[in-house]
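Reading through the structure tokens given below for one structure.
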Amino acid sequence: MRTGALLWLIIFAVSAATFFVVAFIVSINGFGDLRDLLSWPKARK
Amino acid sequence: MTFNLFDWLILIVYLLLTIALGIWVKRYVEDLSGYLVAGRRIKVSLGVATFAATEIGTITFMYFGELGYVSGFSCFVIGLLAMLAYMFVGKTGFIISALRRHQVMTIPEFYELRYSRRVRLIGGIILFLGGVLNMGIFLKFDGIFLSEVMGFGPQAVALIMVVMVVIVIAYTVLGGMFSVVVTDFLQFVILSLSMIVATITVLLNVDLTRMSAMVTEQYGDGGINPLVNPRFGWMFIVWILISNVAAGALWQPGTSKALASESPEVARKVFFYTSLTFAGRAMVPMFWGVAALAYLGPGESTTAAMPKLLGMVTPHGFLGLLVAGMLAASMSTYSAYLLAWSSVATRDVIACLRTTNFGERTTIWITRLVATLIGTFLLVFGLWYQIPDTAFQYLFITGAMYTAGALGCVAAGIYWRRANTVGAYCALIMGAMAPAGFLILEKWRGSMPTWMSFITDVNVSGLLSFILAFTGMVIGSLTTQKAFPPVKLGAEETT
């Protein structure tokens, strides 16, 4: 495998891992934010 | 057909859940601020999820997958540029902090605060045209993706397009930003899961050494080094970097998520954390595209190769999840875009043609009507229009029609005291000239005189739009300071 291709694949691996880690954290914490948004007293009907 | 009963079950459950959730949330909309910016109550994690979901549609997978297929690894640089640009906006609060502080709901509203109502009207028209043209190819590409993955072939594209647009219009029109945010969150979770499944499946089926060998065989050094790839080069890199900064700060569907944040500080955090996903957002589908090149060879349709690969290698059950994820990605993007462009058309174009503003209830109803009309237009345009160059370059050039002028107007309006109304007109009009010229003249590329051929180079046109907008703002403002004294921003803040 060429060095340039290997370098891009390493960058890809780091970028993909970062994406999925952020997605995981946001998915967990987002539930709380969603609950807050929908429990807005002014908007509750 | 590669879809089986289990795949259909997953897909139908997902669709019903989305529609029910989107319509149920309608009860939370009680005024215009609730409809357009969800009452400005979005916190960081929800903001990141909804922003990332807006910026990832099936069209995103399609154009990045296509780039991977036609240019090899060298296109990965685009992911790095996007990450750097959005990180810059998030870290510095460039433009977005000021826009959030002034509590505007659409970007052209800022033009009225800083310049005049007419600038808002012109800016609103350009934003609306650029935005709707930009969105025009989404449906078609998404239809191609889904029909290939599900194994229906090209004859199902139109039907898939109709189903998708009807569902999205239904909940976006009713629930506004509340529906967009809540369904975006669900869609972000599902699309992230489907991206993991697809990436693992591709890694299990396509050999990395074969990918490297195929890229070198097809594209030589251009498949590794973006500077020597004929599609890219320095001009492309500079254009895409500037364009990403402008889009990050000023592209209404994304920026509206910052404007819906709890505070300017939350808006910055949303941008910064979302920027961390931007390299992966681009490189994951590009990787699938390179894998399609290695697995299927170079003779496939450039747009259909990547979805064809996913349809072939993804096992049943996971295929249903993948399609649900892609639908989720598309629907979250459509809903945010529909809401963004319909709100711009209503508040910044139709309302600006009158001397008095519409009432809140009327504004919401007009926004709903315009969203429905845009959806109908997308169907017709998507079926008829043939895009020039790659989808990626088409999207950035139509985006530049607006972002170039907007960057000149808003950045100068915030950071340069001498910016005035004439400069704003010049920036908006000159910024739109090169991209519009490209879109019109590229059809006659072969019969044009040599000295004019530069305008049909998408990279030149794109970069030129930002240079012209900047020049227009500076020269227009400096030469008319006495006749058109600049408006001080602080004195006219909205509350």
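Taking the Cα centre of chain B as the origin, how large is its charge dipole in debye, to the nearest 20, when only Lys and Arg (+1) and Asp and Glu (-1) carry charge on their Cβ atoms? Don't jump to the answer; show the numbers that get you there.
On the way: 30 positive and 23 negative charges, 304 e Å.
Magnitude of the dipole: close to 1460 debye.
Read phi for every residue in region B:85-101 and hand back ³J(HN,Hα) as whole Hz from Karplus 6.51 cos²θ - 1.76 cosθ + 1.60, θ = phi - 60°, with x for Gly and Pro.
5, 5, 5, 4, 4, x, 6, 9, x, 3, 6, 5, 5, 5, 5, 5, 4
Taking only C-alpha pairs under 8 Å that are 6+ residues apart, what is the relative contact order of region B:265-373 in percent?
Computed over region B:265-373, the figure is 18 percent.
Between B:Glu265 and B:Leu21, take the C-beta separation as r, use R0 = 30 Å, and let me know the FRET efficiency to the nearest 0.05.
On the way: r = 29 Å, r/R0 = 0.97.
Approximately 0.55, to the nearest 0.05.
At 7 Å along Cα-to-Cβ for each site, give me the label-to-label distance between B:Trp416 and B:Tyr385 in nm.
Placing both labels 7 Å beyond Cα along the Cβ direction yields 3.0 nm.
Measure up B:Lys269/B:Lys488; B:Lys43/B:Lys91; B:Lys91/B:Lys257; B:Lys140/B:Lys257 against 20 Å on the Cα-Cα distance and list the ones that go over.
In this structure, B:Lys269/B:Lys488; B:Lys140/B:Lys257 lie more than 20 Å apart at Cα.
Using the number of other C-beta atoms within 10 angstrom as an exposure proxy, rank B:Met401, B:Met448 with the fewest first.
By the 10 Å Cβ count, ascending, the order reads B:Met448, B:Met401.
Once you mark the chymotrypsin sites (Phe, Trp or Tyr not before Pro) that are in a DSSP loop and have at most 15 other Cβ atoms within 10 Å, what is the longest gap between them in chain B?
In chain B, the maximal stretch lacking such sites is B:1-384.
Full-extension gain between B:Ala213 and B:Thr480, please, as 0.36 nm times their residue separation minus the C-alpha to C-alpha distance.
Taking 0.36 nm per residue and subtracting the Cα distance, the gain is 90.2 nm.
Tell me, what is the FRET efficiency for B:Trp234 and A:Arg35 to the nearest 0.05, using R0 = 51 angstrom and their Cβ-Cβ distance as r?
0.55
For peptide B:69-82, compute the average count of partner chain beta-carbon atoms within 10 Å of each residue's beta-carbon.
2
What FRET efficiency comes out for the pair B:Met448/B:Ser301, r = Cβ-Cβ distance, R0 = 25 Å, nearest 0.05?
Efficiency, from the Cβ-Cβ distance: 0.35.
Counting only other chains, and only Cβ atoms inside 10 Å, what mean value do you get across the residues of B:275-286?
5
Given the rule -39500 (n - 2.57) for each run of at least 4 DSSP H residues, summed and divided by the residues of chain B, what is its mean residue ellipticity at 222 nm, to the nearest 500 deg cm²/dmol?
Rounded to the nearest 500, it is -24000 deg cm²/dmol.
Under the classification rounded if a/c is under 1.5, otherwise prolate if a/b is larger than b/c and oblate if not, where does chain B fall, given a ≥ b ≥ c as square roots of the Cα gyration tensor eigenvalues?
Here chain B falls in the oblate category.
What is the distance, in nm, between label points placed 7 Å from the Cα along the Cα-to-Cβ direction at B:Glu360 and at B:Leu9?
It works out to 4.6 nm between the two label points.
Within 10 Å of each Cβ in peptide B:184-193, how many partner chain Cβ atoms are there on average? Round it to a whole number, please.
Values: counts 1, 7, 2, 0, 4, 7, 1, 1, 7, 3.
Mean shielding by partner chains, rounded to a whole number: 3.
Only the coordinates and a few stated rules stand behind these numbers; no lab work does. Note that the structure is a prediction, hence the values are computed from the model and not measured. FYI the Cβ positions are ideal-geometry reconstructions off the backbone, even for glycines, and counts take in every protein chain you see.
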